[in-house]
Amino acid sequence: MSGYSTAQLRDWDKRHVWHPFTQMQEWERDDQIVIEKGEGCWLIDTDGNRYLDGVASMWTNVHGHCRSELNEALKTQVDRLEHSTLLGLASEQSIILAARLAEITPTGLDRVFYSDNGSTAMEVAVKMAYQYQVHRGRPERSRFITFRHAYHGDTLGAVSVGGIDIYHATFKPLMFETVQAPAPYCYRCELGCEDRSSCGMKCLEALESIMQEQAGFAAGLVIEPLIQGAGGMIVQPAGFLKGVRALCDRYDLLMIADEVATGFGRTGKMFACQHEDVVPDIMAVSKGIAAGYLPIAATITTSMVYQAFLGEYSELKTFFHGHTFTGNPLACAVALKSLELFESDQLLAKLQPKIAWLAERLDGFRTLSHVGDIRQCGLAVGIELVEDKDSRRAYPWELKTGVRVCLEARKHGIFSRPLGNTVVIFPPLVISDGELEFLLDGLQRSIRAVTG
Ligand SMILES: *Cc1c(COP(=O)(O)O)cnc(C)c1O
């Protein structure tokens, strides 16, 4: 409705927009889709073509695009207050949302620090954890224990605790040092285990030896609970998360759970930690919090951590961190309405049969000759494509097999985005059975067309 033609928009896009995680030389070569509208689980481009949003607009969308109740909540709030700062003032919507978050997150997490996105939520978590150690008189505890294949965002602190070389290696000279533990990546276990049912989780033993060595120098451990998202939808074996919590307790480390991708229903429960009755010391949320409408994030912690920061001003125990748009009322209002919709739609209850059906339907992918591993956690799926199934030999990354599958899927009316050679299924949680079938069908055909 801008009045500009698709050709004009494409031209300006190529000349003026620098897209994230994108080789712009390739981008400029091809004709790109320009999205103009959204409707339920669908994205509609400037020429009227419809694409099923198979990755929930970068894993954020929950209740569908342009959901009328959320639109109304936003419109109502914008006529009352668009923004006021939390530096020196409290504000209504941020207060109510904080109280709601304290209610729905694992018991004990009751103090909410707002920021704008997943990366900032993790920066806050890391700084908070270290400063907590300082206030306990342990300034030497400055290291963080992290996992291979971890992803916690793209700002430098978040990159430091990340473990995906292709994204992170360039920035090594700018990063602080961390201690990396093996990922619980059963399909490609670096400890050589073949069978997750009988290995006894050697990865937990490996983690414990690291902790034994590092405990005196480590502030905390950072983990994506249940599923390492950007690393390739790597699903952890049952009991792993609980084991990590027990080890953090034993070695007196703060457990930081990055629920940026998993939070707000994605795994079938509101938060991934709730599957294993784990209460982290610090929890970061963002992506789904405002249902994909606006950028907002929260780092939520316990009163134990919070109270360590209390003191006279002159004691310098203040947490000197904050972002300009912290606690933005528009985002908070939408987040609150989204939580209401979770209840009124009985979204989590309705998700359970969908998750079960998805698991059954995914079995049909196993017969494809280049599907090496299928990993599912709730409504998050990674289908790892391999050049050779028997040896599990990966496709050379330069072949961009995952990307080619997703380009093929566009012909079937699907927008998807892979993680390397892992095809991702991560739709809005409201996706209907028919739409889910459409998505799986299109992806299956696309995998077959590209890999033969
Ligand atoms: C996306 C993501 C982040 C980073 O969030 P941004 O909003 O992109 O900064 C952090 N952690 C996890 C687990 C994520 O999936």
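The values are calculated or read from the model by the stated rules, or taken from the named source; none is laboratory data. All of these numbers come straight from a predicted model, not from anything done at the bench. As a convention, Cβ positions derive from the backbone with ideal geometry for all residues, glycine included, and neighbour counts pool all protein chains shown. Surface areas here come from the heavy atoms of the whole protein model, side chains and all, with no ligands, DNA or RNA. Shrake-Rupley method; radii C 1.70, N 1.55, O 1.52, S 1.80 Å.
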Inset, instruction - Working only within segment 368-394, note down all residues that are among the hydrophobic types (A, V, I, L, M, F, W, C) and assigned to a loop (DSSP other than H, G, I, E, B). - result: 368, 379
Inset, instruction - Assess whether residue 124 counts as being in a helix (DSSP H, G or I), away from the ligand (no atom under 11 Å from the Cβ) and crowded, with 21+ Cβ neighbours inside 10 Å. - result: yes
Inset, instruction - Taking only segment 94-118 into account, find how many residues are of a type in the set (S, T, N, Q), open to solvent by 20 Å² or more (accessible area, probe 1.4 Å) and either more than 16 Å from the ligand (Cβ to nearest atom) or assigned to a helix (DSSP H, G or I) (or both). - result: 1
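So that you can scan it fast, the table gives a plain yes or no per residue for (1) at pLDDT 95 or above; (2) more than 19 Å from residue 56 (Cα to Cα); (3) open to solvent by less than 20 Å² (accessible area, probe 1.4 Å); (4) β-branched (Val, Ile, Thr):
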{"position": "350", "(1), (2), (3), (4)": "yes, no, no, no"}
{"position": "387", "(1), (2), (3), (4)": "yes, yes, no, no"}
{"position": "397", "(1), (2), (3), (4)": "no, yes, no, no"}
{"position": "404", "(1), (2), (3), (4)": "yes, yes, no, no"}
{"position": "449", "(1), (2), (3), (4)": "yes, yes, no, no"}
Inset, instruction - Scan segment 79-93 and give yes if some residue there is within 16 Å of the ligand (Cβ to nearest atom), part of a loop (DSSP other than H, G, I, E, B), modelled with pLDDT of 95 or more and not β-branched (Val, Ile, Thr), otherwise no. - result: no
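So which of 249, 195 is within 18 Å of residue 281 (Cβ to Cβ), charged (D, E, K, R) and either in the same structural domain as residue 131 (by TED's automatic domain parsing) or surrounded by fewer than 21 Cβ atoms within 10 Å (Cβ to Cβ) (or both)? Give the derivation first.
Working: 195 fails: within 18 Å of residue 281 (Cβ to Cβ).
Unique residue meeting the criteria: 249.
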Legend entry - Cβ pairs under 7 Å, 6+ apart, first in segment 395-419 and under 18 Å from residue 369 (Cα atoms), second assigned to a helix (DSSP H, G or I) and open to solvent by 10 Å² or more (accessible area, probe 1.4 Å): 401/450; 401/451; 404/450; 405/450; 408/449; 408/450
Legend entry - Residues of segment 157-185 classified as of a type outside the set (A, V, I, L, M, F, W, C), in contact (Cβ under 8 Å) with a residue 12 or more places away in the chain and surrounded by 14 or more Cβ atoms within 10 Å (Cβ to Cβ), total: 10
Inset, instruction - Give just the number: which of (1) free of Cβ contacts under 8 Å to residues at least 12 places away in the same chain; (2) touching a Gly at 6+ places or on another chain (Cβ under 6 Å) does residue 205 not satisfy? - result: (2)
Inset, instruction - Just give me the residues in segment 265-321 being open to solvent by 20 Å² or more (accessible area, probe 1.4 Å) and under 14 Å from the mean Cα position of the chain (by Cα), in sequence order. - result: 270, 287, 292, 295
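Pick out the one residue from 365, 319 that is more than 22 Å from residue 268 (Cβ to Cβ) and part of a loop (DSSP other than H, G, I, E, B).
Numbers: 365 fails: more than 22 Å from residue 268 (Cβ to Cβ).
Among 365, 319, only 319 is more than 22 Å from residue 268 (Cβ to Cβ) and part of a loop (DSSP other than H, G, I, E, B).
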Inset, instruction - Could you give me the residue pairs with C-beta distances under 9 Å whose first residue belongs to segment 300-316 and is of a type in the set (A, V, I, L, M), whose second residue is open to solvent by 100 Å² or more (accessible area, probe 1.4 Å) and not in a helix (DSSP H, G or I) wherever it lies, and which are 6+ apart or on separate chains? - result: 300/111; 305/111
Inset, instruction - Kindly check whether there is at least one residue in segment 420-432 that is touching a residue at least 12 places away in the same chain (Cβ under 8 Å), surrounded by fewer than 21 Cβ atoms within 10 Å (Cβ to Cβ), within 30 Å of residue 345 (Cα to Cα) and among the aromatic types (Phe, Trp, Tyr). - result: no
Inset, instruction - Being in contact with a Ser or Thr (Cβ under 7 Å, 6 or more places away or on another chain) and acidic (Asp, Glu) is the filter here, so list the residues in segment 329-387 that pass it. - result: 384
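If I ask for residues that are surrounded by fewer than 19 Cβ atoms within 10 Å (Cβ to Cβ) and either modelled with pLDDT of 95 or more or not aliphatic (A, V, I, L, M) (or both), which ones from segment 215-228 would you list? Steps first, answer last, please.
Here is the first cut: in segment 215-228, the ones surrounded by fewer than 19 Cβ atoms within 10 Å (Cβ to Cβ) are 215-217.
Scanning segment 215-228 gives 216, 217.
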Inset, instruction - Output the residue which, of all residues in segment 229-245 that are out of contact with any Pro (no Cβ under 9 Å at 6 or more places or on another chain) and under 12 Å from residue 203 (Cβ atoms), is surrounded by the fewest Cβ atoms within 10 Å (Cβ to Cβ). - result: 239
Inset, instruction - Please go through segment 217-230 and pick out each residue that is assigned to a loop (DSSP other than H, G, I, E, B), more than 9 Å from the ligand (Cβ to nearest atom) and not aliphatic (A, V, I, L, M). - result: 225
Legend entry - Positions within segment 273-299 being within 10 Å of the ligand (Cβ to nearest atom) and outside any loop (DSSP other than H, G, I, E, B), in sequence order: 284, 285, 297
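For segment 127-148, what are the residues that are within 16 Å of the ligand (Cβ to nearest atom) and either open to solvent by 60 Å² or more (accessible area, probe 1.4 Å) or without any contact (Cβ under 8 Å) to a residue 24 or more places away in the chain (or both)? Before you say what the answer is, go through the steps one by one.
Of segment 127-148, the ones within 16 Å of the ligand (Cβ to nearest atom) are 127-129, 144, 146-148.
Within segment 127-148, 127, 148 meet the criteria.
Could you please let me know if residue 14 is among the basic types (Lys, Arg) and under 25 Å from the mean Cα position of the chain (by Cα)? Spell out how you get there, then give the answer.
Working: among the basic types (Lys, Arg): yes; under 25 Å from the mean Cα position of the chain (by Cα): no.
Against the criterion (among the basic types (Lys, Arg) and under 25 Å from the mean Cα position of the chain (by Cα)), residue 14 does not qualify.
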